[in-house]
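Colleague: Structure incoming, see below.
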Amino acid sequence: MKKILIVIDMQNDFINGSLGTKEAEAIVDHVVEKIGEYPKDCIYATRDTHQKDYLETQEGKNLPVEHCIQGTHGWQLHDKVAAALEGAVIVDKPTFGSYELADMMVMEAAGEENIEIELVGLCTDICVVSNAMLIKARLPEARISVDAACCAGVTPETHEAALKTMQMCQIAIK
């Protein structure tokens, strides 16, 4: 069975920057440890990627906090995570979920009898759930899981709600 790890948006702005939380800071070492469990050629990571006109976008109007502006310190992966991810595939995504990432998972699954995809990262209730659902829709027979100890939501309550939503859609919660 091929096992793939997807690390979602472990960026400075979500950890200790403009949208950072103590819960996000608390998972950094867990995520680094998880990355160490996978071969580098089986790891993908995403970066939330916005432009300078972010506040003019629909997302920016609904969440008027500049974050993850391409090229800024906040957009960069957290130093510990970046070091652990060296050699992994990085996908820059302009919104919550990435069709490009889901397509990459379809390509990974091609020719494989079984595939298991595990997601970790930030934020459980926005980008983790969005990508997990996109991948599940594209690969309904793949075993997809989320490690709750390696995720954090905008709030602890919305983190739990997202985990329950994914579980209802047959995504395993570890």
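Taken together, the values in this text are just the output of simple stated rules run on the coordinates, not laboratory data. This one's a predicted model, so the numbers in the text were calculated from it and none came from an experiment. Here Cβ is always computed from backbone atoms with ideal geometry, including for glycine, and neighbour counts include all displayed protein chains.
Colleague: Per-residue counts of other Cβ atoms within 10 Å, averaged by peptide: what ranking do you get for 22-28, 46-52, 131-137, highest first? Please report the intermediate quantities before stating the final value.
Modeller: Numbers: 22-28: 17.6, 46-52: 19.1, 131-137: 20.9.
Highest to lowest by the protection proxy: 131-137, 46-52, 22-28.
Colleague: What pairs in Lys22/Lys80; Lys34/Lys80; Lys61/Lys136; Lys93/Lys136; Lys3/Lys136 have C-alpha atoms more than 22 Å from each other? Could the numbers behind the result be given before it?
Modeller: On the way: Lys22/Lys80 16 Å; Lys34/Lys80 12 Å; Lys61/Lys136 29 Å; Lys93/Lys136 18 Å; Lys3/Lys136 15 Å.
Violating the 22 Å limit, Cα to Cα: Lys61/Lys136.
Colleague: Shifting gears a bit: Along the range 64-75, what does the Karplus equation 6.51 cos²θ - 1.76 cosθ + 1.60 (θ = phi - 60°) give for ³J(HN,Hα), rounded to whole Hz, x for Gly and Pro?
Modeller: Once rounded to whole Hz, the list reads x, 10, 4, 7, 6, 6, 3, x, 8, 4, x, 6.
Colleague: Check which residues have an amide H placed less than 5 Å from Lys3's amide H, if you skip close sequence neighbours.
Modeller: Glu116
Colleague: With axes computed from alpha carbons, what is the tilt in degrees of helix 129-138 against the longest principal axis of the chain, rounded to the nearest 10 within 0 to 90?
Modeller: Here the helix axis deviates by roughly 30 degrees.
Colleague: Roughly what % of Cα-Cα distances in the chain sit above 27 Å, to the whole percent? If you can, show how the numbers build up before the last one.
Modeller: Numbers: 2823 of 15051 pairs.
Beyond 27 Å sits 19 percent of the P(r) for the chain.
Colleague: Please arrange Ile90, Ile115, Ile35, Ile8 by how many other C-beta atoms lie within 10 Å of their C-beta, fewest to most. Walk me through the numbers on the way to the answer.
Modeller: Numbers: Ile90 13, Ile115 20, Ile35 23, Ile8 34.
Ascending number of Cβ neighbours within 10 Å: Ile90, Ile115, Ile35, Ile8.
Colleague: Neighbour counts of other C-beta atoms within 10 Å: give me Lys2, Lys164 arranged from fewest to most. Please report the intermediate quantities before stating the final value.
Modeller: Details: Lys2 14, Lys164 11.
Fewest-to-most ranking of Lys2, Lys164: Lys164, Lys2.
Colleague: To continue, here is another question. Normalising by the residue count of the range 37-122, find the relative contact order in percent from Cα pairs under 8 Å and 6+ residues apart. Before the final figure, lay out each step's value.
Modeller: Details: 72 pairs, mean separation 30.9, N = 86.
Relative contact order here is 36 percent.
Colleague: Over all directions, average the projected area of the Cα convex hull of the range 1-92 and note it in nm². Present the calculation step by step, with values, prior to reporting the outcome.
Modeller: On the way: hull surface 25.5 nm².
Value for the range 1-92: 6.4 nm².
Colleague: Provide Leu85, Leu55, Leu139 in ascending order of the number of other Cβ atoms located within 10 Å of each residue's Cβ, fewest first.
Modeller: On the way: Leu85 22, Leu55 13, Leu139 17.
Ascending number of Cβ neighbours within 10 Å: Leu55, Leu139, Leu85.
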